[in-house]
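Okay, so here's the structure we're looking at.
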Amino acid sequence: MADRVTVIGWDGSPLSPAARSALSAATLVAGAAHHLARPEVPPAAERVRLGSVDLAARRIAGHRGTAVVLADGDPGFFGVVRTLRAPEHGLEVEVVPAVSSVAAAFARAGMPWEDARIVVAHQRTLRRAVNVCRAHPKVAVLTSPGAGPAELALLLDGVHRTFVICEELGTDRERVSVLTSDKAADHAWRDPNVVLVIGGGGGTPAAPWLAGHDPAVRPVRGWGLPTEEYDSEGHGPGTGTVRPGAGADPALRAAQLARLGPRTGDLVWDVGCGSGAFSVEAARFGAAVIAVDADPDACARTEATARRHGVPLQAVPGRAPHVLESLPEPDVVRIGAGGVQVVTACTDRRPERIVAHASTRDEAEAIGAALIAGGYLTESLLLQTVGLDPDTWSERDRSAVFLLSGRRIERAP
């Protein structure tokens, strides 16, 4: 095992005395090609290219001598330190950090960043990174080959954002470009790069106290709130008429949210969004939301409700199931209108969870059968709520509705 492992971060500035001292004593140096070409690397030291960090860690663990790992920025921030410290390698490391590439990117942009979300985009995580960019107004994306600015822009189709693209930070070839997301796919970008994705509304207090996300920014506490919190006109889902309807009941909405569990990195479809109450509450959980309705007025109401509550979402007017064909893949789906046809179209896209509701038993049985046929473990409930007058404890209103929820059954490979 290596006698000592020092991890040195590099941000383009001269190495510190501590870093120079560790590097001069190294008998093995691991890093990217531009790190290994530095004049401070001892000529006699064994050199290991950092392709797979796991493979390099095994080489280091088997080395008898002093090892140094060179990495860009702060190696403890989405960097190599996590892998090197994994129990299977048994390495104890000393870290000499530098300015992280995210901090450098925001500095180049002249922006504060304690309110930013930070994601890593690989080909396997690109879709979830894009969902975070849909759902939050300030996101830093650490990209990789095949998951860079162009790919981000293509998957954000229809969602306007500003991109600040920082290429090869800290090098002589550093370049910072500011452009709208619809233009980013038209260019070739150099690796490595960091993309700041800005826009989509929301806001932060003058002196935030919590990095990444401050729940106090949202003006309303709680969820499953009364319908009037979202639509004082009392419009029913997707109808354009003044009719609350069973589908707008806050207790049903709370049960739907509980079964779907929308979270950061998810994309939620709300099909038949109505006043936007469900869409806004799903967005308040940190999920990206696409709200769909056949009534353009319902989409406009949903967008207005989202603005009032300080959350970004995308509203798409159109009649389901046809409008769903062009939408990106969902993680969870709430179906507020459309019946069996829409349920079948959604099960074909294989989201993890689906919820729907029905006013009659026959309709509920048909929806449940469609979920089962689509490969979903299905739960059916009859939810009844009775509103009471707090002064007299007499019944004020009553609502009864069937709730259907489906959990995807994983298919055998």
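The values are calculated or read from the model by the stated rules, or taken from the named source; none is laboratory data. Because the structure is a prediction, the values reported are computed rather than measured. Note that each Cβ is placed from the backbone with ideal geometry, even for glycine, and that neighbours are counted across all protein chains shown. For accessibility, only protein heavy atoms count, side chains too; no ligands or nucleic acids. Shrake-Rupley method; radii C 1.70, N 1.55, O 1.52, S 1.80 Å.
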Taking only DSSP H segments of four or more residues, each worth -39500 (n - 2.57), what value at 222 nm results for the chain once the sum is divided by all its residues, to the nearest 500 deg cm²/dmol? -7500 deg cm²/dmol
Surface share of carbon and sulfur [accessible, 1.4 angstrom probe, percent] for the range 248-388: 52 percent
Is the shape of the range 244-335 best called rounded, prolate or oblate, per the rule: a/c under 1.5 gives rounded, else a/b larger than b/c gives prolate, else oblate, with a ≥ b ≥ c the square roots of the Cα gyration tensor eigenvalues? rounded
Which value, in Å², gives the accessible area per residue of the chain when a 1.4 Å probe is used on the protein heavy atoms? 47 Å²
Counting DSSP beta bridges with both partners in the range 271-413, what percentage is antiparallel, nearest 5? 65 percent
Just check the range 284-407 against the gyration tensor rule for me: Cα atoms, a ≥ b ≥ c as the square roots of the eigenvalues, rounded for a/c under 1.5, and otherwise prolate or oblate depending on whether a/b exceeds b/c. oblate
Can you tell me what share of the DSSP beta bridges in the chain is antiparallel? A percent to the nearest 5 is fine. 50 percent
If you keep only loop residues by DSSP, which GluC sites (Glu not before Pro) in the range 312-413 have at most 13 other Cβ atoms within 10 Å of their Cβ? Glu410
Please compute the alpha carbon radius of gyration of the chain, then divide it by the globular-protein estimate 2.2 N^0.38 Å. Two decimals is fine. 1.20
Here the equivalent ellipsoid of the range 345-393, derived from its Cα gyration tensor, has semi-axes (largest first, whole Å) of 31, 12, 8
Based on alpha-carbon centroids, what's the gap between the range 5-81 and the range 305-365 in Å, whole number please? 50 Å
Please list, ordered by chain and number, the residues whose modelled amide H lies under 5 Å from the amide H of Leu70; skip anything fewer than 5 residues away on the same chain. Ile8, Ala30, Gly31
What are the ³J(HN,Hα) couplings of the range 384-391, residue after residue, when phi is run through the Karplus curve with 6.51, -1.76, 1.60 and θ = phi - 60°? Round to Hz, x for glycine and proline. 10, 10, 10, x, 10, 6, x, 7
Cα shape, the range 250-297, gyration tensor, a/c 1.5 rule: oblate
For Ala400 and Arg349, extending 7 Å from Cα along the Cα-Cβ vector and measuring point to point gives, in nm, a value of 3.3 nm
Work out from phi, with θ = phi - 60° and the Karplus expression 6.51 cos²θ - 1.76 cosθ + 1.60, the ³J(HN,Hα) of each residue of the range 63-75, listed in order in whole Hz, and give x for Gly and Pro. 8, 9, x, 10, 10, 10, 10, 9, 9, 6, x, 8, x
Between Leu381 and Asp186, what is the FRET efficiency for a Förster distance of 45 Å, r being their Cβ-Cβ separation, to the nearest 0.05? 0.35
Using a simple charge model, +1 on the beta-carbon of Lys and Arg, -1 on the beta-carbon of Asp and Glu, nothing else, what dipole does the chain show about its Cα centre, in debye to the nearest 20? 1020 debye
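What is the extension gain from His34 to Thr360, computed as 0.36 nm multiplied by their sequence separation minus the C-alpha to C-alpha distance, in nm to one decimal? Could you put the intermediate results ahead of the total?
Numbers: separation 326, 0.36 × 326 = 117.36 nm, distance 6.70 nm.
Fully extending the segment from His34 to Thr360 adds 110.7 nm.
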Neighbour cut-off at most 14 other Cβ (10 Å), DSSP loop, trypsin sites (Lys or Arg not before Pro), the range 87-171: Arg124
The range 329-345 - phi-based ³J(HN,Hα) in whole Hz, Karplus 6.51/-1.76/1.60, Gly and Pro as x: 5, x, 9, 9, 9, 10, 10, x, 7, x, x, 4, 4, 6, 4, 5, 4
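Test of the criteria: in the range 338-406, which chymotrypsin sites (Phe, Trp or Tyr not before Pro) are in a DSSP loop and have at most 10 other Cβ atoms within 10 angstrom of their Cβ? Don't skip to the answer; put the middle values down first.
Values: sites: Tyr376, Trp393, Phe402; in loops: Trp393.
Sites meeting the loop and neighbour criteria: Trp393.
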Projected onto the charge dipole of the chain (+1 at Lys/Arg Cβ, -1 at Asp/Glu Cβ, origin at the Cα centre), which of Val159, Leu403, Ser13 gives the Cα projection farthest towards the positive end? Ser13
Heavy atoms only, probe 1.4 Å: what % of the accessible area of the range 31-127 goes to carbon and sulfur, would you let me know? 53 percent
